[in-house]
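The values are calculated or read from the model by the stated rules, or taken from the named source; none is laboratory data. These numbers come from a predicted model, not from an experiment. Every residue, glycine among them, receives a Cβ derived from its backbone with ideal geometry; neighbour counts consider all protein chains shown.
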Amino acid sequence: MTLKLSYGYVVFGLALAACSESVPTEPTANEADVAVAQAALSATRHQQTTLAGVEAWVNSTTAQRLVNVSTIGDTDSAANKQSESHFDNCYWNESRDWIIANRNQAIAAAVEWFQTGNAQTLDTVFNSLGFALHAAEDFYAHSNWVETHEPGVLAPFNDSGTPVPAGWYSGTYYNSGDSGPNAGYLHCPAGTPSHLTLNKDLAGGAAADEAFLDATLAATEQIRRFMAGVRAAMPSATAEAILTQLGFVAPSPATTTYRSDFRRVVTPSGGPWGLSAKAVYCSAGSYVAAFAQRVETPQGSLVDDTALNTVLFYCKNPTGTWLEPLNAWEGVWGTWSPWAVCQTASGFFTGGELKIEPSQGAGDDTGANASRFWCNDGSALTATNDGPWGTWRGRATCAAGEAVCGVQIQYESPQGAGDDTAMNGIRLHCCAL
């Protein structure tokens with residue numbers, strides 16, 4: 001077995017409502033100055049969110065280019081003044097159409113660039129994707145969506161004409177250069193909270209953690225829709241050539257969200273921090289048969305440690321054909337272990353265990369430090385880069401006649417100046433063999 005690790009992505013080469021606040025008024029100069037400083041997610045937050053959302057889908061060069069353009073909604077002098085580029089001021093229709101228009105422009109530019117090789121057209125591809133990513137990520141930091149929905153539930157702003165969700169609003173933000181109908185804060189109903197009241201722009205707290213999770217998933221959704229748009233615009237072979245030359249890797253991660261043969265969830269004991277998105281499954285008829293883990297090495301006594309950041313899986317079918325990576329969360333820090341693989345053609349995971357460091361109180365917490373899994377022949381698979389802290393907490397196992405077919409990673413988003421723990425837990429979804 002040969003493999004390539006690139007920004008955490010792996011390619012196998014296998015032989016095998018209204019609210020009750022007062023009517024918004026134009027802010028004072030001092031409030032406006034503060035608003036400018038917090039008008040959007042911080043640059044670091046946008047970059048971390050984008051990288052976590054896209055790096056499983058592209059090579060390292062393209063991942064970095066997408067990270068670089070993720071702040072374009074703030075750095076572009078025209079877009080920075082427009083509420084629609086940030087989902088500010090209750091601009092649902094305008095921001096929805098902004099995302100769709102920029103994603104469509106990226107698709108058209110990708111086709112043109114493939115045909116002409118023009119460097120400026122390639123810039124248009126990435127800049128347009130950057131505008132779409134920026135607005136999609138801002139949505140969760142600047143509106144009441146997080147407060148009114150479960151973690152991992154995404155807003156329906158990706159299709160033309162989708163109406164504003166009942167009860168949704170985003171914060172009012174005064175900007176003298178804004179454009180559009182009833183420009184700026186006047187676009188919102190009376191009583192809508194200000195941007196500064198509503199924002200979850202900076203790390204820290206449960207709402208900011210959920211905003212990060214949702215924004216990460218939203219970034220992935222923009223990439224998926226861009227790829228689908230290229231494939232719809234061109235014949236299959238040409239579309240794949242365009243995506244390959246743009247740095248998109250194949251096969252793409254699994255996107256299955258339902259299995260009719262699902263039987264149960266088993267959960268190894270984990271740490272207390274973080275959130276889990278919805279489960280992602282191997283495609284029908286396939287199961288998990290390999291894993292690699294991303295671990296940050298000890299950083300020294302004066303630097304925050306995170307240890308285990310995530311686990312990446314790979315799916316294969318009972319004939320021994322490897323199909324797709326199963327990627328629920330890429331993590332932020334650390335390096336990847338080599339793959340550990342069930343050795344028989346019909347070997348699949350049946351259970352797993354985590355090494356967990358308990359809460360350190362005022363000390364440096366790390367949550368999960370390592371993972372290990374069992375194949376249906378009874379063999380245990382371990383990685384070569386386990387974190388040094390904590391103890392193994394007990395194996396969770398599927399029932400007889402079942403194998404692991406899906407996962408959810410429980411992770412804590414970056415905490416800024418706070419104590420980062422990264423991955424804390426995992427839920428293994430079992431399907432009938």
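For Ala119, the stated conditions do not hold, so it cannot be described as crowded, with 19+ Cβ neighbours inside 10 Å and over 26 Å from Gly171 (Cα atoms). The residues of segment 52-91 that are charged (D, E, K, R), assigned to a loop (DSSP other than H, G, I, E, B) and closer than 18 Å to Ala211 by Cβ amount to a single one, Asp88.
Residues are listed down the side, and each one gets a yes or a no for (1) surrounded by fewer than 24 Cβ atoms within 10 Å (Cβ to Cβ); (2) modelled with pLDDT under 95; (3) more than 21 Å from Val265 (Cβ to Cβ); (4) over 24 Å from the mean Cα position of the chain (by Cα):
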| residue | (1), (2), (3), (4) |
| --- | --- |
| Thr306 | no, no, yes, no |
| Tyr314 | no, no, no, no |
| Trp339 | yes, no, yes, no |
| Gly347 | yes, no, yes, yes |
| Pro358 | yes, no, yes, yes |
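Evaluated against (1) in contact with a Cys (Cβ under 9 Å, 6 or more places away or on another chain); (2) surrounded by fewer than 19 Cβ atoms within 10 Å (Cβ to Cβ), Thr192 falls short on exactly one condition, (2). You will find that of Ala399, Ala403, the residue that is in a strand (DSSP E or B), within 26 Å of Thr256 (Cα to Cα) and modelled with pLDDT of 95 or more is Ala403 and no other. When both residues are 6+ apart or on different chains and their Cβ atoms are under 8 Å apart, which pairs have a first residue that lies in segment 41-64 and is more than 17 Å from Phe126 (Cβ to Cβ) and in the same structural domain as His86 (by TED's automatic domain parsing), and a second that is in a helix (DSSP H, G or I) and among the charged types (D, E, K, R)? Pairs that qualify, where the first residue is more than 17 Å from Phe126 (Cβ to Cβ) and in the same structural domain as His86 (by TED's automatic domain parsing) and the partner is in a helix (DSSP H, G or I) and among the charged types (D, E, K, R), are Leu41/Glu137; Leu41/Asp138. Would you say Asn385 is under 16 Å from Val288 (Cα atoms), out of contact with any Lys or Arg (no Cβ under 8 Å at 6 or more places or on another chain) and either outside the structural domain of Ala218 (by TED's automatic domain parsing) or buried (at least 19 other Cβ atoms within 10 Å of the Cβ) (or both)? So Asn385 fails the test. Contact map, segment 129-147: first residue modelled with pLDDT under 95, second residue assigned to a strand (DSSP E or B), Cβ cut-off under 9 Å, separation 6 or more or different chains; pairs are His142/Ser170. Going through (1) of a type in the set (A, V, I, L, M); (2) within 28 Å of Thr172 (Cα to Cα); (3) surrounded by fewer than 24 Cβ atoms within 10 Å (Cβ to Cβ) one by one, Leu129 falls short only on (3). Scanning segment 154-174 for residues that are modelled with pLDDT under 90 and more than 14 Å from Asp138 (Cβ to Cβ) yields a total of 1. The condition of being under 23 Å from the mean Cα position of the chain (by Cα) and either more than 23 Å from Asn182 (Cα to Cα) or surrounded by fewer than 24 Cβ atoms within 10 Å (Cβ to Cβ) (or both) holds for only one of Ile72, Ile99, that being Ile72. Among the residues of segment 340-363, those that are within 18 Å of Gly378 (Cα to Cα) and of a type outside the set (A, V, I, L, M) comprise Cys342, Gln343, Thr344, Ser346, Gly347, Phe348, Phe349, Thr350, Gly351, Gly352, Glu353. Total residues in segment 233-269 satisfying the condition of being of a type in the set (Gly, Ala, Ser), surrounded by fewer than 16 Cβ atoms within 10 Å (Cβ to Cβ) and assigned to a loop (DSSP other than H, G, I, E, B): the figure is 3.
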